[in-house]
1. Of the residues in the range 80-106, how many are in a loop (DSSP other than H, G, I, E, B) and more than 16 Å from residue 138 (Cβ to Cβ)?
2. Restricting to the range 52-94, and then to whatever is of a type in the set (Asp, Glu) and in contact with a strand residue (DSSP E or B) (Cβ under 6 Å, 6 or more places away or on another chain), can you tell me which residue is farthest from residue 168 (Cα to Cα)?
3. Are any residues in the range 107-145 assigned to a helix (DSSP H, G or I) and within 17 Å of residue 44 (Cα to Cα), and if so, which ones?
4. Residue 82 passes all but one of (1) modelled with pLDDT of 95 or more; (2) on the phi < 0 side of the Ramachandran plot; which number fails?
5. Take the conditions modelled with pLDDT of 95 or more, touching a strand residue (DSSP E or B) at 6+ places or on another chain (Cβ under 9 Å) and either surrounded by fewer than 16 Cβ atoms within 10 Å (Cβ to Cβ) or under 19 Å from residue 73 (Cα atoms) (or both) and apply them to residue 142. Does it pass?
6. Show the residue pairs that are 6+ apart or on different chains and have beta-carbon atoms under 6 Å apart, the first residue being within the range 170-199 and under 23 Å from residue 70 (Cα atoms) and modelled with pLDDT of 95 or more, the second being acidic (Asp, Glu) and surrounded by 19 or more Cβ atoms within 10 Å (Cβ to Cβ).
7. Find all pairs meeting these conditions: Cβ atoms under 9 angstrom apart; at least six residues apart or on different chains; first residue within the range 61-77 and within 14 Å of residue 176 (Cα to Cα); second residue of a type in the set (Val, Ile, Thr) and assigned to a helix (DSSP H, G or I).
8. Would you mind finding the one in 107, 123 that is in contact (Cβ under 8 Å) with a residue 60 or more places away in the chain and touching a helix residue (DSSP H, G or I) at 6+ places or on another chain (Cβ under 8 Å)?
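The values are calculated or read from the model by the stated rules, or taken from the named source; none is laboratory data. What you see is a predicted model; the values in this text were computed from it and never measured. We place every Cβ from the backbone using ideal geometry, glycine too, and count neighbours over all the protein chains shown.
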Amino acid sequence: MLVHVRRALGSLVSGLLPVLVLAGALTVTGTSPAGAAIEDFARYQPEEKCSPKAKPGAAYLSGWLVRKYGGGRGRVGAACTSSISEHQEGRAVDWSNDATTKAGRKRVKAFLKDVLAEDHRERPAAKARRMGIMYIIWNDQMYAAWRGFEPTDYLSSSCKRKKKCSKTLRHRDHVHISLSRQGGFGNTSFYEGRVVKKKKD
């Protein structure tokens, strides 16, 4: 009887092997940028130390935006001051576009539509999550990951009223994109095969 049970189990395992191998292959495929694995919405990680050199993910994203949509490159890193800014950790990207022009508005609209769209698995803001985007500021509005990237009115802390706020502080001459530390270093799935991964500071 024991022999028959062992033979039956052996046959069952043999039959399952192709399935297990296939499942393993699918799991590996799922780690690719277009596969099953995806990052959660980035949590807020404010600048904590002076490290203004552009991080690999941020540097890549800065060039990618211009290559894909047009517009101009803005700053990534910035000199450290007493204020808090992800630029001072080299993980914020300014992308030059003019909100007063049709071309500028069209470029940014295409970008927002692309990065905030659902993927084929109906996961919201899929590309933004893969990029490690914490928040986007453009044309008096902020799109924050911790609010599901729903647009909200934005007013710089340097301005008392919008009308007296400069075009730059209102982000009407550029798009500001702040990345998580993992995104800044290119350690999220969007940058797979695009940048050399490095550990965060």
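1. Initially, the range 80-106 is screened for residues in a loop (DSSP other than H, G, I, E, B), giving 80-85, 90-91, 97-101.
The next check asks that each one be more than 16 Å from residue 138 (Cβ to Cβ); those that pass are 80-85, 90-91.
Of the residues in the range 80-106, 8 are in a loop (DSSP other than H, G, I, E, B) and more than 16 Å from residue 138 (Cβ to Cβ).
2. 86
3. Applying the first criterion (assigned to a helix (DSSP H, G or I)) to the range 107-145 yields 107-115, 126-131, 145.
Scanning the range 107-145 gives 128, 129, 130, 131, 145.
4. (1)
5. It is false that residue 142 is modelled with pLDDT of 95 or more, touching a strand residue (DSSP E or B) at 6+ places or on another chain (Cβ under 9 Å) and either surrounded by fewer than 16 Cβ atoms within 10 Å (Cβ to Cβ) or under 19 Å from residue 73 (Cα atoms) (or both).
6. From the range 170-199, the pairs are 174/94; 176/94; 178/86.
7. 71/108; 72/66; 73/66
8. Details: 107 fails: in contact (Cβ under 8 Å) with a residue 60 or more places away in the chain.
Of the residues listed, the single one that is in contact (Cβ under 8 Å) with a residue 60 or more places away in the chain and touching a helix residue (DSSP H, G or I) at 6+ places or on another chain (Cβ under 8 Å) is 123.
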